[in-house]
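The values are calculated or read from the model by the stated rules, or taken from the named source; none is laboratory data. Just so it is clear, the structure is predicted and the values come from calculations on it, not from any experiment. Cβ sites come from the backbone with ideal geometry, for glycine too, and all protein chains shown count toward neighbours.
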Amino acid sequence: MLDKKDIDNVLEILLKLYPDAKAELNFSNPFELLIATILSAQCTDVQVNKTTAVLFNELKTPNDYVKLTVEELGEKIKKCGFYNTKSKNILGTCNILIEKYQGEVPDNIDDLMELPGVGRKTANVVVSNAFGTPAIAVDTHVFRVSNRIGLASSDNVLDTEKDLMENIDRRLWSKAHHLLIFHGRRICKARKPLCEKCPLTLYCLYFKRGGI
């Protein structure tokens, strides 16, 4: 793993490279972000945004969703994949929001993780982007990029999150999440990272090991 100085240098480079890094899911309130993030499991943000552009125009609140059957909602979100499971989770989540939270989305990770279809990554995305709470959501991009570079050193998501929280200033947690996602999608790709285009090779442990 890199030392603190090198980690700070890596983040400084990423900040310059992606000054506009932010959530790429479209949403206008915490509830929309929660739904969009549930839909994003094993689906691209581009496809989720196409789906929610129609969905959010029709369905505004948890009460609107629970009027639908699993099958009816499944048809509306079909192109996001795993639509039966996602439909069940969304309707289950909406029922809990109505019964327990007066239709509002809770603003803390523990309560969010009790909702169907909401794991730690989704909960972190919501508290960070909807409520402004510093958090690092570790998706596949963040996991891959942070461990390749040396910002973390772990073979599992939870320990990677812990490493990043220890190694990055809390004020930068949410921004770092977006920076790592942007870098993972644009340069540090899963199958064939574009090391020849990467400005981080001076620090990157993956590059120094010869791409292994």
Enumeration of residues in segment 134-168 that are touching a helix residue (DSSP H, G or I) at 6+ places or on another chain (Cβ under 7 Å), in contact (Cβ under 8 Å) with a residue 40 or more places away in the chain and of a type in the set (Ser, Thr, Tyr): Ser153
Failed item in (1) in contact with a Lys or Arg (Cβ under 8 Å, 6 or more places away or on another chain); (2) within 19 Å of Leu17 (Cα to Cα); (3) of a type in the set (A, V, I, L, M, F, W, C); (4) buried (at least 20 other Cβ atoms within 10 Å of the Cβ), with Ile187 passing the rest: (4)
Selection within segment 110-146 - surrounded by fewer than 17 Cβ atoms within 10 Å (Cβ to Cβ) and not acidic (Asp, Glu): Met113, Pro116, Gly119, Arg120, Phe131, Gly132, Thr133, Thr140
Pairs where the first residue, in segment 187-212, is more than 18 Å from Thr140 (Cβ to Cβ) and the second is surrounded by fewer than 18 Cβ atoms within 10 Å (Cβ to Cβ) and at pLDDT below 95, C-beta under 8 Å, 6+ apart: Cys195/Gly211
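In segment 81-104, what count of residues is obtained for those that are within 22 Å of the chain's Cα centre (by Cα), closer than 16 Å to Pro116 by Cβ and touching a residue at least 24 places away in the same chain (Cβ under 8 Å)?
Residues meeting the conditions: 11.
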In segment 92-105, residue nearest to Thr37 (Cα to Cα) [restricted to those that are among the hydrophobic types (A, V, I, L, M, F, W, C) and surrounded by fewer than 22 Cβ atoms within 10 Å (Cβ to Cβ)]: Ile96
Residue in segment 29-48 that is more than 30 Å from Ser154 (Cα to Cα) and free of Cβ contacts under 8 Å to residues at least 40 places away in the same chain present: yes
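To keep it simple, each residue is scored yes or no on (1) buried (at least 23 other Cβ atoms within 10 Å of the Cβ); (2) touching a Leu at 6+ places or on another chain (Cβ under 7 Å); (3) among the aromatic types (Phe, Trp, Tyr).
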{"site": "Val54", "(1), (2), (3)": "no, no, no"}
{"site": "Leu59", "(1), (2), (3)": "no, no, no"}
{"site": "Leu73", "(1), (2), (3)": "yes, yes, no"}
{"site": "Phe82", "(1), (2), (3)": "no, no, yes"}
Helices (runs of 4 or more DSSP H) lying entirely in segment 1-65 (those with 3 or more residues that are farther than 26 Å from Leu205 by Cα and under 14 Å from the mean Cα position of the chain (by Cα)): 30-39, 45-58
Where Asp139 falls short, out of the listed (1) under 17 Å from the mean Cα position of the chain (by Cα); (2) of a type in the set (D, E, K, R); (3) within 25 Å of Asp3 (Cβ to Cβ): (3)
